[in-house]
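Data first, discussion second: the structure below is written as structure tokens.
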Amino acid sequence: MLPSSTSDKVFRSTLFVLGGSYVLLVVLLLVADLAYSSWGQLAELLGKPEIVHAIWLTLGTCTAAAVLSMLVAVPLGFVLARYRFRLKWLVDALVEIPVVLPPLVVGLSLLILFHLPVNGVKLEDWLRSNLGWSVTYAVPAVVLAQFAVAGAFAVRTMRVTFDQIHPRAELVALTLGCSQAQAFWRVALPQAWRGMIAAFTIAWARSLGEFGPILVFAGATRMRTEVLSTTVFLELSVGNLESAVAVSLLMVAVALVVLLVLRGLGVERRA
Amino acid sequence: MIELKNISIVSGSFALRDVSLSLQHGEYVALMGRTGQGKTTILEAIAGLRMVTSGDILMDGRNVTRLAPAERGVGYVPQDLALFPTMTVRENVGFALKVRGVAKAERDARVHDVAEWLGISRLLDRRVTMLSGGEAQRTALGRALSFKPKVLLLDEPFSALDDETRQEMHALMVSVRTHTGVTVLHVTHNRAEATALADRVIQLEAGAIQ
């Protein structure tokens, strides 16, 4: 700690009080949930096959959506950070749309996209008849609904990551014999590792919290498309507040475990 | 030999027009000039990192104006060195050889040789983020020289060093020349450095070589 004057102490205290008030709010929310629920209820929940199914589906779809998000976020983030091209401003604005749109609208738009006839053919029907894939009201719809929103957050994170990496090292790599692809893989990407962990984490966390688009595009059918966020809604809709709170706590636990593991990976890599 | 024939580079409001310059085999040329005159731009054009608007760049009589940087075989040390921060000194120095698919044994031997005469042998397994200014300079030089380029481009690499380390680097550059016979184009603001190291000092003024 540095030697400090009275005004320094006031400044530091103000930072702690203002910042701490938000941390306090989060803690109070969790404490309230914990006080309302009991271990017995949690244990009972974990004994229900539909809840166990929802937990596994949540873990699977969130991971799939986060992986898909990274598949687009890394190249798009790099393109937006490194290249200048016509209509870049438009691309910049378009990738922000899922961030600012109400999630419900994203779900509605997905539903319309898959069921809008183009030359008399709907995308949903085409996928089913040609590839045997059912999307709407099925598991792929859950992943797509999560990906549509989470992808935007991942792109934003990767763009900032590449913006913060000076391109000079990649240019030097070119003079040392690299193609642009080699410079990307060998020099840019290893430097972006922490940003990639952050982007994956954000995409995963956003997917876990996604509710509106899943409800509209995938529905909330038990043992089929029900994920933990929709379980909360289903339990609430039948007046089962205790179960809804218990599932919420379960989500907090799942999120904490995954986020801590990912953070641990990032720290390990940094060391 | 490097030859720049009536090179023009226009980028936004910046313009460099009709620059001609030639360097003989093994010659050490210092390029001086005020900030913003385009010295770095000339180096980047030779390295293939900047598109020229018109004119030609020849190396040993071969027109390399439209060649990708990787095809030019030019060693480049930028002002900020731009070492690869996720790699060790060994990986930085051996980078160009690895990209060229040189076998590990041969690569290790070459890295060892380069490290030996640059005085960085004991640092080979250190991360480049843990190097002092002089050590980082040596590593950047080693990386640029590892693949035995015929031309070495230096963009004010010693400007941030203290006097003592700079003197050490000057002595090292003399040794590099003797060792490799490489042709050097060295951008510097330091007149003493230019006259101490270079066979010829040229001045870039108002977008033209004096």
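The values are calculated or read from the model by the stated rules, or taken from the named source; none is laboratory data. Note that the structure is predicted; figures quoted are calculated from it, not measured. Neighbour counts run over all protein chains shown; Cβ positions are idealised from the backbone, glycine included. With ligands, DNA and RNA removed, areas are computed over all heavy atoms of the protein, side chains included. Shrake-Rupley method; radii C 1.70, N 1.55, O 1.52, S 1.80 Å.
Going by the conditions given, is A:Val105 among the β-branched types (Val, Ile, Thr), at pLDDT 95 or above and within 23 Å of A:Glu210 (Cα to Cα)?
So A:Val105 does not fit the description; no.
Return only the number of the condition from (1) assigned to a helix (DSSP H, G or I); (2) more than 13 Å from every other protein chain (Cβ to nearest Cβ); (3) open to solvent by 30 Å² or more (accessible area, probe 1.4 Å) that B:Ile42 does not satisfy.
B:Ile42 satisfies every listed condition except (3).
Failed condition for B:Lys98, given (1) modelled with pLDDT of 95 or more; (2) part of a loop (DSSP other than H, G, I, E, B), with all others met?
(2)
Can you find a residue in the stretch B:5-21 that is among the aromatic types (Phe, Trp, Tyr), over 30 Å from B:Met130 (Cα atoms), open to solvent by 20 Å² or more (accessible area, probe 1.4 Å) and outside any loop (DSSP other than H, G, I, E, B)?
Yes, because at least one residue in the stretch B:5-21 is among the aromatic types (Phe, Trp, Tyr), over 30 Å from B:Met130 (Cα atoms), open to solvent by 20 Å² or more (accessible area, probe 1.4 Å) and outside any loop (DSSP other than H, G, I, E, B).
Can you name the residue in the stretch B:129-145 that is more than 18 Å from B:Lys98 (Cα to Cα) and crowded, with 21+ Cβ neighbours inside 10 Å and, of all such residues, is farthest from the other protein chains (Cβ to nearest Cβ)?
B:Arg138
Among (1) touching a Leu at 6+ places or on another chain (Cβ under 6 Å); (2) within 26 Å of A:Val216 (Cβ to Cβ), there is one condition A:Ser69 misses while meeting the rest; what is its number?
It fails just one condition, (1).
Would you pick out the residues in the stretch A:99-126 that are outside any helix (DSSP H, G or I) and not aliphatic (A, V, I, L, M)?
Passing the criteria: A:Pro102, A:Pro117, A:Asn119, A:Gly120, A:Lys122.
Looking at the stretch A:129-145, can you tell me whether even one residue there is in the same structural domain as A:Val216 (by TED's automatic domain parsing), among the polar types (S, T, N, Q), out of contact with any Cys (no Cβ under 9 Å at 6 or more places or on another chain) and assigned to a helix (DSSP H, G or I)?
Within the stretch A:129-145 (the criterion being in the same structural domain as A:Val216 (by TED's automatic domain parsing), among the polar types (S, T, N, Q), out of contact with any Cys (no Cβ under 9 Å at 6 or more places or on another chain) and assigned to a helix (DSSP H, G or I)), the answer is yes, since at least one residue qualifies.
Pick out the one residue from B:Asp108, B:Asp56 that is more than 13 Å from every other protein chain (Cβ to nearest Cβ), charged (D, E, K, R), open to solvent by 20 Å² or more (accessible area, probe 1.4 Å) and touching a strand residue (DSSP E or B) at 6+ places or on another chain (Cβ under 6 Å).
Exactly one residue qualifies, and that residue is B:Asp56.
Looking at the stretch A:186-200, I want the residues that are open to solvent by less than 40 Å² (accessible area, probe 1.4 Å) and have a partner that is aromatic (Phe, Trp, Tyr) with Cβ atoms under 6 Å, at least 6 apart or on another chain. Which pairs are those?
As it stands, the answer is A:Val187/B:Phe84, since those pairs meet every condition given.
I need every pair where a residue in the stretch A:220-246 that is under 20 Å from A:Trp204 (Cα atoms) has its Cβ under 6 Å from the Cβ of a residue that is of a type in the set (Ser, Thr, Tyr) and open to solvent by 10 Å² or more (accessible area, probe 1.4 Å), sequence separation at least 6 or different chains.
Cβ pairs passing all conditions: A:Val232/A:Ser248.
Quick check on B:Gly33: is it touching a residue at least 60 places away in the same chain (Cβ under 8 Å), in contact with a strand residue (DSSP E or B) (Cβ under 8 Å, 6 or more places away or on another chain), within 14 Å of another protein chain (Cβ to nearest Cβ) and closer than 23 Å to B:Met173 by Cβ?
Taking the combined requirement at face value, the residue does not satisfy it.
Out of the residues in the stretch A:158-185 that are open to solvent by less than 30 Å² (accessible area, probe 1.4 Å) and of a type in the set (Val, Ile, Thr), state the one that is farthest from the other protein chains (Cβ to nearest Cβ).
Checking each candidate, the answer is A:Thr161.
Sort through A:Val99, A:Val105 and tell me the only one that's surrounded by fewer than 16 Cβ atoms within 10 Å (Cβ to Cβ) and in contact with a Phe, Trp or Tyr (Cβ under 8 Å, 6 or more places away or on another chain).
Unique residue meeting the criteria: A:Val99.
Just checking, does the stretch B:111-133 include any residue being farther than 26 Å from B:Thr188 by Cα and within 19 Å of the chain's Cα centre (by Cα)?
Looking through the stretch B:111-133, at least one residue is farther than 26 Å from B:Thr188 by Cα and within 19 Å of the chain's Cα centre (by Cα).
If I go through the stretch B:59-81 residue by residue, how many of them are part of a loop (DSSP other than H, G, I, E, B) and within 14 Å of chain A (Cβ to nearest Cβ)?
Number of matching residues: 9.
Take B:Ala47 and tell me if it is of a type in the set (A, V, I, L, M, F, W, C) and within 12 Å of chain A (Cβ to nearest Cβ).
yes
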